[in-house]
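Below: the structure, in structure tokens.
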Amino acid sequence: MLKASICTIGDELLIGQVIDTNSASISRAIGAIGAKVTAMVSIPDDGARIISDLKAQLAVNDIVITTGGLGPTKDDITKQALATLSGTDQYYMHDGQLEIVHAILKSRGLDVLDINRQQAMVPKTCEVILNKRGTAPIMVFRGLGSGNSTLYAMPGVPFETEAALPDVVADIVAHYPTDNILHRNIMTYGMAESALAKKISDWEDSLPEEVHLAYLPDPLKGVRLRLSIYSGSLDNEKQIIDNKIKELSDILGDTIYSYEDDTLEGAIGKILKEKGLTLSVAESCTGGEIAHLITTVPGSSAYFLGSVTSYAVKIKEQVLGVPAETIEKYGVVSSQTVEAMADGVRKLTGSDYAVATTGFAGPGGGDEREPEGTVWVGIATPKGVFSQRYNYRNDRRRNIQRFAASALFTLLKRLRSEVLYV
């Protein structure tokens, strides 16, 4: 099996000023072609460390992919370290990347300085994959390590790395044999990871030796179960996985909301778009989080009409039409208030469906009846108005995420019952 290591370079990663998202993107891309990532290493802006750490990774991996340290400033020393590692002190100007440098700076209304041109200057020992989104090219060094290892040096800017990954993957496939690899994702919500593991324990124990299961929890997605088989006959792998997923579906039922790496908002969007239905949102404690999640889905304008962030009581009353006596009698955080909010925004926008939230995200707020961490979710549909209560024990930010995800899951269940399972 093809073995790979991902190495991020830069002090800013080690001191926490920048979050590394590149490693995950690269790992997914090369994992899809059958490469097994054996390590993820963070290296400081130190030439000697860059060389020694990369030598160690090249000695035990077929592929090493680095990101970062290729910028135009003096602290970007990766290129020089790679030249030394590959046994040269000579450079050449790559005309193709230089043209891109000129085009990018011109589009930004900037002059092309010598420091910018230097980014297209690369060690003589490397080949170049053009970076079409940035000024630093992807450098490819072959024959390192034991003689058959390749190092790909990619830029640290995430959108540049993402854009260049298909070209890097194509180069890997062109130079190395790859194995079959199969990943299948099962998205679940409404059950904690520990409870989920207990419920499917016998099923997990029955998995064939070649099938690997991973639990991947996320506050906005729920728990993603990933089934993987590395190498073998692809048709046989698919049959094995399909059989095990069918068994899992019988066990978990509606806890599963997707059989691909999806989100709650993505699953909702598919139903609304397919059925030609529309949606609106009224939010209090979630402060716009639900609307934000919905609009992250490409094409959401086809079904999402709009939202009201009714944080203040007077907005609930004056904009959404929640009766003052309802709030006075039952409280702001109550099933009656959230149902009135959902019904109000549905009437206001003319949408087919509406979802609303009101709760106490904390810290503070709440009482014995509705303690901190409580959220009421309201759903208004052509068939009526419904509500459901949830309670969480997290910090404010995590509570808001949980509230929003619970609202989306409640909406998804209602859509399935009224639209799909009729």
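Just so it is clear, none of the values below were taken in a lab; they were calculated from the coordinates. Because the structure is a prediction, the values reported are computed rather than measured. No Cβ is skipped: glycine too gets one built from the backbone with ideal geometry, and neighbour counts run over all protein chains shown.
With 0.36 nm allotted per residue and the present C-alpha distance subtracted, the ASN243-THR21 stretch has 76.5 nm of extension available.
Region 257-310 and region 46-85 have Cα centres separated by 43 Å. If you look at the Cα atoms of the chain, you get an Rg and a Dmax of 26.3, 80 Å. At what distance in nm do the modelled label points of GLU368 and HIS102 sit from each other, each positioned 7 Å from its Cα along Cα→Cβ? That separation, rounded to one decimal, is 7.9 nm.
Mean residue ellipticity at 222 nm from the helices of the chain, using -39,500 (n - 2.57) per DSSP H segment of n ≥ 4 over the full residue count, to the nearest 500 deg cm²/dmol?
Numbers: 16 runs with 167 residues, N = 422.
Value at 222 nm, helices only: -12000 deg cm²/dmol.
With contacts taken as Cα pairs under 8 Å at a separation of at least 6 residues, region 338-422 carries a relative contact order of 27 percent.
Exposure proxy shown here: for ASP235, ASP343, the number of other Cβ atoms within 10 Å sets the order, fewest to most, as ASP235, ASP343.
Cross-link check: pairs LYS221/LYS316; LYS3/LYS55; LYS132/LYS221 evaluated at a Cα-Cα cut-off of 22 Å; pairs beyond the cut-off: LYS221/LYS316; LYS132/LYS221.
Can you classify region 89-244 as rounded, prolate or oblate using the Cα gyration tensor, where a ≥ b ≥ c are the square roots of its eigenvalues, rounded means a/c under 1.5, and otherwise it's prolate if a/b beats b/c and oblate if not? Taking the square roots of the gyration eigenvalues as a ≥ b ≥ c, region 89-244 is prolate.
For region 351-422 versus region 183-211, the inter-centroid distance based on Cα atoms is 26 Å.
Using a ≥ b ≥ c from the Cα gyration tensor of region 181-258 (square roots of the eigenvalues), is it rounded, prolate or oblate, where a/c under 1.5 gives rounded and otherwise the larger of a/b and b/c decides, a/b for prolate? Since a/c reaches 1.5 and a/b is larger than b/c, the shape of region 181-258 is classed as prolate.
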